Amino acid sequence: MTDEPPLRRRPAEELPGNAPQHPQSAQPQPAGEGADPANGGPVPLIAPRDGTPDPVAAPAELAEVVARFAAGTGPVALDAERASGYRYSQRAYLVQLRRAGAGTALIDPLPLPDLSALDAAIGEAEWVLHAASQDLPCLAEVGLRPRRLFDTELAARLAGFERVGLAALTEQLLGFTLEKHHSAADWSSRPLPESWLTYAALDVELLTDLRDALDAELARQGKSEWAAEEFAALVRTGARPPRVRAEPWRRTSGIHRLRGARAQARVRSMWYARDQIASRRDAAPGRVLPDSAIIAAAELDPKDEKTLLTLPGFGGRSVRRLARTWLAALDDARQLPEDSLPVTPAVEGPPPPHRWAERDPVAAGRLARCREVVVRIAGEHNLPPENLITPDSVRRLAWTPPEKLTEETVAETLRGLNAREWQIGLLVPHLTPALSPEPPTPTPTLPDPSLP
């Protein structure tokens, strides 16, 4: 719990955590209407309670923030702003923090790329983030790694809330509305406008209040231990960078329209040419050349600049300047020998579910029964099925169940797929019989007409 006075929090009796106890399957109770005297609706939150701080950009300023947050108490609310859609990297371009007794700080990691001193000051506190898996990798790049955390988005999913965005939860549970106008802004630009800085500060203004409300709701539903396991897993793995795909070019939007390995080779060649330029410029690949342009060129295979520039996506000045690069990439694909063309990659793990009935009808039956179990148990406990168990784990278990089918072996298989103990406890007693072969339908015995 935070010891910072809440910002016009709803009356305690209206918070979900103070409602009477009920079974886990009950829906989370939204708090009542906010305290806006004009219409009784939610209160727009337009400025931080302490004002919008200036970004910290000098070592001396950072040292002051470190001392201030080390002296603070309770959880630390954190957020980071990236420039997805504008930059090639996923680095943080602004780090926001708030703690009771320390206030709010906005740190510019461009001139201050090493925040390990701040990490040492707050490392033992609980960190509160929203959608932590999005921010943990870029926070780790600047030296910030939590030892304990509370993820408000994940907590809301476990509690069964349908809308789990920060603004939606803040409005529903705390009675404040947050503007999200700058969520897709180019945070790499400098200087950052005052309105953007206010937006960034407000992202951490109510995080600890929201954490308290969701923590109470989880306790009310008997899910606190579930959340603790999920948060611990995020601490262990959340800072890892995304897994690098073996053939990332295959995710080019629209590639399914192409026919033939030679056309795929053209996509591959252009994709890597674009990626090299994007990396060098630190620009989002789609801003160098859109996927649709790569697909159009792969379909037509233009041989000259005039034809290339008539294709959709090649009209921009910066794209036209690179016309020779695109034509060279197409020519490289054209010159490839047959044995160097792309081949369909071997599928790791189970095949796509729509092929199961054809390839292995028995496994298809297992998958259908396992899916029914997951949906039913998730419904009983007011959870999204994907938070009860990942769909990939269900497919792998159904495709290759343990040779000796017992609850112990099924549990061990799920642990190997990174399932948490609370998930295993809920699912194993029901998945184990679902993995067993369906018993044959008994043939009804008809009475012998010769008998009296």
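Looking at L144, is it within 29 Å of V375 (Cβ to Cβ), crowded, with 22+ Cβ neighbours inside 10 Å and of a type outside the set (K, R)?
Values: within 29 Å of V375 (Cβ to Cβ): no; crowded, with 22+ Cβ neighbours inside 10 Å: yes; of a type outside the set (K, R): yes.
In short, no.
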Criterion (of a type in the set (A, V, I, L, M), open to solvent by 50 Å² or more (accessible area, probe 1.4 Å) and modelled with pLDDT under 65) met by exactly one of A67, A38, A63: A38
The range 345-367, residues that are exposed (fewer than 15 other Cβ atoms within 10 Å of the Cβ) and more than 28 Å from P248 (Cβ to Cβ): A357, E358, P361, V362
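Going by the structure shown, is G74 of a type outside the set (D, E) and over 26 Å from R163 (Cα atoms)? Step through it out loud before you land on a result.
On the way: of a type outside the set (D, E): yes; over 26 Å from R163 (Cα atoms): yes.
Yes; evaluated as a whole, the condition is true for this residue.
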1 or more residues more than 30 Å from G222 (Cα to Cα): qualifying helices (runs of 4 or more DSSP H) within the range 320-400: 323-335, 356-359, 361-380, 391-399
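Confirm whether G254 is within 28 Å of R87 (Cα to Cα) and touching a residue at least 40 places away in the same chain (Cβ under 8 Å). Reasoning before the result, please.
Details: within 28 Å of R87 (Cα to Cα): yes; touching a residue at least 40 places away in the same chain (Cβ under 8 Å): yes.
When the stated conditions are applied, G254 passes them.
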Residue count, the range 399-452 (criterion: surrounded by 15 or more Cβ atoms within 10 Å (Cβ to Cβ) and either of a type outside the set (A, V, I, L, M, F, W, C) or at pLDDT below 95 (or both)): 8
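In this structure, is R163 in a loop (DSSP other than H, G, I, E, B) and within 30 Å of S224 (Cα to Cα)?
Details: in a loop (DSSP other than H, G, I, E, B): yes; within 30 Å of S224 (Cα to Cα): yes.
Here the answer is yes, as R163 does meet what is asked.
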Number of the exception - E4 against (1) assigned to a loop (DSSP other than H, G, I, E, B); (2) at pLDDT 95 or above: (2)
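Against the condition touching a residue at least 60 places away in the same chain (Cβ under 8 Å), open to solvent by 20 Å² or more (accessible area, probe 1.4 Å) and on the phi < 0 side of the Ramachandran plot, how does D332 come out, does it pass?
Here the answer is yes, as D332 does meet what is asked.
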Members of the range 99-134 found to be closer than 26 Å to D54 by Cβ, open to solvent by 10 Å² or more (accessible area, probe 1.4 Å) and not aliphatic (A, V, I, L, M), listed by number: R99, G101, G103, T104, D108, P111, P113, D114, S116, D119, H130, Q134
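Would you confirm, using the coordinates I've provided, whether P350 is at pLDDT 95 or above and of a type outside the set (G, A, S)?
Values: at pLDDT 95 or above: no; of a type outside the set (G, A, S): yes.
No.
Per-residue answers, yes or no, for (1) surrounded by fewer than 21 Cβ atoms within 10 Å (Cβ to Cβ); (2) farther than 30 Å from E421 by Cβ; (3) touching a Pro at 6+ places or on another chain (Cβ under 9 Å):
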{"position": "G165", "(1), (2), (3)": "yes, no, no"}
{"position": "H181", "(1), (2), (3)": "yes, yes, no"}
{"position": "L210", "(1), (2), (3)": "no, no, no"}
{"position": "D215", "(1), (2), (3)": "yes, no, no"}
Residues of the range 292-318 satisfying the condition of being buried (at least 19 other Cβ atoms within 10 Å of the Cβ) and more than 13 Å from R266 (Cβ to Cβ): F314
Set V374, V343, V319, V362: member being under 24 Å from A261 (Cβ atoms), touching a residue at least 12 places away in the same chain (Cβ under 8 Å) and either in contact with a Phe, Trp or Tyr (Cβ under 8 Å, 6 or more places away or on another chain) or among the β-branched types (V, I, T) (or both): V343
In the range 166-206, the residues that are of a type outside the set (G, A, S), assigned to a loop (DSSP other than H, G, I, E, B), out of contact with any Phe, Trp or Tyr (no Cβ under 8 Å at 6 or more places or on another chain) and in contact (Cβ under 8 Å) with a residue 40 or more places away in the chain: L178, R190, L192
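Rundown of residues vs (1) at pLDDT below 95; (2) under 30 Å from L341 (Cα atoms); (3) open to solvent by less than 40 Å² (accessible area, probe 1.4 Å); (4) not basic (K, R), yes/no style:
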{"position": "A239", "(1), (2), (3), (4)": "yes, no, yes, yes"}
{"position": "A246", "(1), (2), (3), (4)": "yes, yes, no, yes"}
{"position": "R257", "(1), (2), (3), (4)": "yes, yes, no, no"}
{"position": "A273", "(1), (2), (3), (4)": "no, yes, yes, yes"}
{"position": "S279", "(1), (2), (3), (4)": "no, yes, no, yes"}
Residues satisfying the stated conditions in the range 216-242, i.e. acidic (D, E) and farther than 20 Å from L136 by Cβ: E217, E225
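The values are calculated or read from the model by the stated rules, or taken from the named source; none is laboratory data. Keep in mind that what you see is a predicted model, and the values were worked out from it rather than measured. Positions of Cβ are backbone-derived with ideal geometry, glycine not excepted, and every protein chain shown enters the neighbour counts. Heads up: the accessible areas ignore ligands, DNA and RNA and are worked out on the full protein's heavy atoms, side chains in. Shrake-Rupley method; radii C 1.70, N 1.55, O 1.52, S 1.80 Å.
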